[in-house]
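The next block holds one structure in the form of structure tokens; read it before the comments.
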Amino acid sequence: MLEMRESCERCKAPLPMDSKDAMICSYECTFCEPCVSGPLNGHCPNCGGNLQPRPKRIKK
């Protein structure tokens, strides 16, 4: 199951489960969209992979 980390690993911005700004790599490293489109230039600083929008999970 996908781990839904609750904050950006770079700037600590909150990223709740339904966040439109959450971006992840294939290792589930989690960053906010402003960090990804800015300083990270679309790549994970941990593994070098591409960062994509995180799937949404709706609270039940």
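Quick notes on this one:
- Modelled label reach - R57, point 7 Å along Cα→Cβ, segment 17-37 residues with backbone N closer than 16 Å: 17-31
- Computed label-point distance, nm, for sites L2 and N50 using a 7 Å Cα→Cβ extension: 1.6 nm
- Per residue of the chain, the DSSP helices (runs of n ≥ 4 H) give a summed -39500 (n - 2.57) that works out to -1500 deg cm²/dmol at 222 nm.
- Note on the chain: GNM, Cα springs under 10 Å; of C47, C35, C25, the largest mean-square fluctuation is that of C47.
Every read-out reported here was derived from the displayed coordinates using simple, explicitly stated rules and does not represent laboratory data. Given the structure is predicted, the values throughout are model-derived calculations rather than measurements. Here the Cβ is made from the backbone with ideal geometry for all residues, glycine too, and neighbour counts use every protein chain on show.
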